[in-house]
1. For B:Gly105, only one of the following conditions fails: (1) within 20 Å of B:Ala50 (Cα to Cα); (2) assigned to a loop (DSSP other than H, G, I, E, B); (3) away from chain A (no Cβ under 14 Å); (4) open to solvent by 30 Å² or more (accessible area, probe 1.4 Å). What is its number?
2. Report, by residue number, each residue of the range A:71-106 that is over 31 Å from the mean Cα position of the chain (by Cα) and charged (D, E, K, R).
3. What is the residue count in the range A:56-109 for residues that are of a type in the set (A, V, I, L, M), out of contact with any strand residue (DSSP E or B) (no Cβ under 8 Å at 6 or more places or on another chain), open to solvent by 50 Å² or more (accessible area, probe 1.4 Å) and modelled with pLDDT of 90 or more?
4. Looking for whichever is of a type in the set (A, V, I, L, M, F, W, C) and under 30 Å from B:Leu42 (Cα atoms) here; the options are A:Val126, A:Val90, A:Val110. Which one fits?
5. Within the range A:110-134, take every residue that is touching a strand residue (DSSP E or B) at 6+ places or on another chain (Cβ under 7 Å) and either among the charged types (D, E, K, R) or part of a loop (DSSP other than H, G, I, E, B) (or both) and give me the one that is farthest from B:Trp261 (Cα to Cα).
6. Report whether or not B:Asn43 is over 17 Å from A:Asp56 (Cβ atoms) and either touching a helix residue (DSSP H, G or I) at 6+ places or on another chain (Cβ under 9 Å) or surrounded by 21 or more Cβ atoms within 10 Å (Cβ to Cβ) (or both).
7. How about the range A:21-35: which of its residues are open to solvent by 40 Å² or more (accessible area, probe 1.4 Å) and of a type outside the set (Asp, Glu)?
Amino acid sequence: MTTQTATGIPTIVQRQRDFFRTGQTKSLDFRLAQLAKLKQVILANQDGVLAAVKADLGRSEFEGYFEIASLSEITLAIKQLKSWAKPKSVKTPIEQFPSSAYIQPEPLGVALIIAPWNYPFQLALVPLVNAIAAGNCAIVKPSESAPYTSQLIAQIISEQFHPGFISVVEGGIETNQALLAEKFDRIFYRAVLM
Amino acid sequence: MEAAAKHLTPVTLELGGKSPCLVDRECDLNLAAKRIVWGKFLNAGQTCVAPDYLMVPKAIKAESIEQIGNAVREFYGADPRLSPDYARIINDRQFARLVGLLDEGGTEAEIVIGGEIDAAQRYIAPTVIDRVSPHSKIMTDEIFGPILPILEYEDLSEAIAFIQSRPKPLALYFFSTNRDNQTRVIQEISFGGGCINDTISHIIYPALPFGGVGESGMGSYHGKAGFDTFSHRKSIMHKLPFPDLPLRFPPFNNKLNLLKWVASNLFIR
């Protein structure tokens, strides 16, 4: 499913809603396992990422390696997830005695991540890591201006992840418009000049 | 935004803008030049948090330009076109836009470093432009490419006032060894995030939230901030069945006095 037509987009979103409703992503073990898998996928495809970024931007491999920095996000998320996701107690006032109060973080649902072309791998993957850590399903729309990287992201994600959980939709402005016509629970948009 | 508003979808927007790089009279100019050249010409300037323009004290402007020229040659050689470490512009549209900007510094603008282009490769040399007009297109549009305009200033207050008069930038970099000046710049100017004595590196460390303010973006991500961005914070009050104080329930009769007493003795303290 590397290339999606605009007509398929409602189906992709609905599939994610259904997946989210199964509740699987609420489990911390699920999120940790998916983050660990994503880390493995990135490690296994490092050379492909460097080559794609070089093809898109003529970047040296050294600079291309910054794209792999999303790994440090994964490492941090795996280390900290339990503490981030824990309910946080707050003090309750005397007139509410006896009671306890807390803040429970919960996933939003289905997120849309629209990535730019300038750091085309990193800027698609870092918000994806954040969305997975928080227990969301996500649709990633890589930039069509960096076609090699876009294709690579679509390929490695579709090979390794359930499309109800993470989907990659490739395309240009029409695809963006078709995506934005759908309802999401968060849109993460990193805009750069086209 | 409009599409998102239709569905009331929360939006995190990472934008950009003109991120200033401010050089203080008191600084290690040689070090500053290297770190500025690195951050500016990394990915041929196509970095959201790249220094967009440079502000230097008039008295050290000539030396700053010389040091920047040295750093460019040291990093990319005499002809950066031949350097395997220097990137190209993403597409023809961006290339044409940037080439256009080379001539948009105002009537007095002068290219002091670089300026060479090669359309076939979408190559634009690391370029520094002096004597730009603050009202020229190159000083109002986000550059997002390897062109660095330089503005000079007399004293730090003037530079701070200039930056404050513009949209809040995504990043700001301040090169200074003076503690008081460092504090002033951080406290007096609003911007997304930035560095003292470096460029770019504040976004590399995931424990620091990354995002803009005002025109440069809304919301933030990386690490815990990213977790929060994709989470809802659900508030829960968990009460026990006993005791069930009757004060809040009607009929209220004379309970108002009691409520006033409770409020003044418990809530307002």
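The values are calculated or read from the model by the stated rules, or taken from the named source; none is laboratory data. Because the structure is predicted, anything quoted here is derived from the model rather than measured. Glycine also receives a Cβ, built like all others from the backbone with ideal geometry; neighbour counts cover every protein chain displayed. For the accessible areas, the whole protein counts, side chains as well, though only heavy atoms, and no ligand, DNA or RNA atoms are used. Shrake-Rupley method; radii C 1.70, N 1.55, O 1.52, S 1.80 Å.
1. With respect to (1) within 20 Å of B:Ala50 (Cα to Cα); (2) assigned to a loop (DSSP other than H, G, I, E, B); (3) away from chain A (no Cβ under 14 Å); (4) open to solvent by 30 Å² or more (accessible area, probe 1.4 Å), B:Gly105 is out only on (4).
2. A:Lys91, A:Glu95 - these are the residues of the range A:71-106 that are over 31 Å from the mean Cα position of the chain (by Cα) and charged (D, E, K, R).
3. Total meeting the criteria: 1.
4. After applying the criteria, what remains is A:Val126.
5. A:Pro116
6. Considered against the rule, which asks whether it is over 17 Å from A:Asp56 (Cβ atoms) and either touching a helix residue (DSSP H, G or I) at 6+ places or on another chain (Cβ under 9 Å) or surrounded by 21 or more Cβ atoms within 10 Å (Cβ to Cβ) (or both), B:Asn43 comes out as no.
7. Within the range A:21-35, A:Arg21, A:Thr22, A:Gln24, A:Lys26, A:Ser27, A:Leu28, A:Ala33 qualify.
For every residue, the table says whether it meets (1) of a type outside the set (A, V, I, L, M); (2) closer than 20 Å to B:Tyr53 by Cβ; (3) without any contact (Cβ under 8 Å) to a residue 40 or more places away in the chain.
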position: B:Tyr76; (1), (2), (3): yes, no, no
position: B:Tyr86; (1), (2), (3): yes, no, no
position: B:Ile90; (1), (2), (3): no, no, no
position: B:Arg93; (1), (2), (3): yes, no, yes
position: B:Leu98; (1), (2), (3): no, yes, no
position: B:Leu101; (1), (2), (3): no, yes, no
position: B:Ile111; (1), (2), (3): no, yes, yes
